[in-house]
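What follows is one structure encoded as structure tokens, with my remarks underneath.
The values are calculated or read from the model by the stated rules, or taken from the named source; none is laboratory data. None of the values given here were measured: they were computed from a predicted structure. Note: ideal-geometry Cβ built from the backbone for every residue, glycine included; neighbour counts use all protein chains shown.
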Amino acid sequence: MSRTVYLNGDYLPEEEAKVSVFDRGFLMADGVYEVTSVLDGKLIDFDGHAKRLQRSLDELDMASPITMEDLLEVHRELVRVNEVVDGGVYLQITRGAPADRDFAFPDPAETPSTIVLFTQSKPGVADSPASRNGIKVISIEDQRWGRRDIKTVQLLYPSMGKMMAKKAGCDDAWMVEDGHVTEGTSNNAYIVKGNKIITRQLSNDILHGITRAAVLRMAKEAQMQVEERLFTIEEAQDADEAFITSATTFVQPVVEIDGAQIGDGTPGMIAKRLREIYLDESRKAGI
Ligand code: PDD
């Protein structure tokens, strides 16, 4: 069945939604995006995603074509018409389609931003085999640009990283810069030592995950210890547990890093507990 998507103010069948070949998202990766998960037909952490979107737009001096209130309505309408129970809503805003290709930004008064939203259904996403069994990761050098805190659509290197992992018979890659793990290709990275949850501190080097913020808050509320600092692949291989977080994976255990088994090679207790707490709290707070 064809989905209904949202393009520049219109709800359209996906086959009819077309964007110009001059769009700067297409020509220059001049665009930002968000992925908001849907559980039980409700949006998870919409406010966090809307705030980060506004920040990404501001950092790139890009105009928003929609108010954050209207954006919530569009999200809800797409979930409703596409009958999404579990899955997510993808949103992308680009600097629009000027008359010609030009490196300079177009005048926003003449070139309105392009906005696109579509849904993705993933029935049973909260109980995937990967979340039950854990995933295997490889490490790769982090070769992305220096403003990873802005959620741009420049996703070529993360895609290449995912393919390198697949080729190695693994599920994902953790990126390493100056000897320290930055994050996963599309998720934040954590290790557990004793009872302490360790994850890289926020900076321009990583995306400020909305799931990360929620999980760290919930961990602290559950009296778990959290330390935000740098860690190496060697420290991760020697950890008791490892896991990732994102809007599409929630809390997902990591059971192998560069061929080394983590703990006993099965999902750790703290990752499992955090996943339960996160899903439980998120379902209750969904809108
Ligand atoms: N990715 N780090 C990177 C590089 C990411 O791309 C993502 C999200 C995260 C986690 O952020 P959040 O918890 O807000 O989803 C961290 C999304 C899911 C994607 O690109 O599909």
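If you check ASN195 against the conditions, is it surrounded by fewer than 16 Cβ atoms within 10 Å (Cβ to Cβ), over 19 Å from the mean Cα position of the chain (by Cα), at pLDDT below 95 and not hydroxyl-bearing (Ser, Thr, Tyr)?
yes
List, please: which pairs have Cβ atoms under 7 Å, are six or more places apart or on different chains, and start with a residue in region 227-256 that is at positive phi and of a type in the set (Val, Ile, Thr) and end with one that is more than 16 Å from the ligand (Cβ to nearest atom) and modelled with pLDDT of 95 or more?
From residues that are at positive phi and of a type in the set (Val, Ile, Thr), there are no pairs.
Which one of the conditions (1) surrounded by 16 or more Cβ atoms within 10 Å (Cβ to Cβ); (2) of a type in the set (A, V, I, L, M, F, W, C); (3) more than 16 Å from the ligand (Cβ to nearest atom) does LEU39 fail to meet, given that it meets all the rest?
Exception for LEU39: condition (3).
Could you give me the residue pairs with C-beta distances under 7 Å whose first residue belongs to region 264-284 and is within 14 Å of VAL125 (Cα to Cα), whose second residue is part of a helix (DSSP H, G or I) and among the polar types (S, T, N, Q) wherever it lies, and which are 6+ apart or on separate chains?
Short answer, once both residue conditions are applied: ARG275/SER131.
Please specify each residue of region 176-186 satisfying the condition of being more than 11 Å from the ligand (Cβ to nearest atom) and either closer than 25 Å to TYR33 by Cβ or part of a loop (DSSP other than H, G, I, E, B) (or both).
Within region 176-186, VAL176, GLU177, ASP178, GLY179, VAL181 qualify.
Just to be sure, is ALA168 under 21 Å from SER282 (Cβ atoms) and either touching a helix residue (DSSP H, G or I) at 6+ places or on another chain (Cβ under 9 Å) or away from the ligand (no atom under 11 Å from the Cβ) (or both)?
no
Find the residue count for region 55-80, including only residues that are more than 18 Å from ARG148 (Cβ to Cβ) and assigned to a helix (DSSP H, G or I).
Here the count works out to 13.
I want to confirm something. Restricting to region 63-120 and keeping residues that are more than 19 Å from the chain's Cα centre (by Cα) and among the aromatic types (Phe, Trp, Tyr), which single residue is farthest from HIS49 (Cα to Cα)?
PHE103
Before we move on, is ARG80 within 18 Å of THR152 (Cα to Cα) and either of a type in the set (D, E, K, R) or buried (at least 21 other Cβ atoms within 10 Å of the Cβ) (or both)?
No.
What do you reckon, is MET164 outside any loop (DSSP other than H, G, I, E, B) and out of contact with any Lys or Arg (no Cβ under 9 Å at 6 or more places or on another chain)?
Here the answer is yes, as MET164 does meet what is asked.
Listed here are the residues, each with its yes/no results for (1) of a type in the set (Lys, Arg); (2) within 16 Å of the ligand (Cβ to nearest atom); (3) under 15 Å from the mean Cα position of the chain (by Cα).
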{"residue": "ASN8", "(1), (2), (3)": "no, no, no"}
{"residue": "LYS18", "(1), (2), (3)": "yes, no, no"}
{"residue": "VAL21", "(1), (2), (3)": "no, no, no"}
{"residue": "ARG24", "(1), (2), (3)": "yes, no, no"}
{"residue": "MET28", "(1), (2), (3)": "no, no, no"}
{"residue": "GLU34", "(1), (2), (3)": "no, yes, yes"}
{"residue": "ILE44", "(1), (2), (3)": "no, yes, yes"}
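Residues ALA219, ALA214, ALA189: which one is part of a strand (DSSP E or B), surrounded by 13 or more Cβ atoms within 10 Å (Cβ to Cβ), small (Gly, Ala, Ser) and within 15 Å of the ligand (Cβ to nearest atom)?
Result of the check over ALA219, ALA214, ALA189: ALA189.
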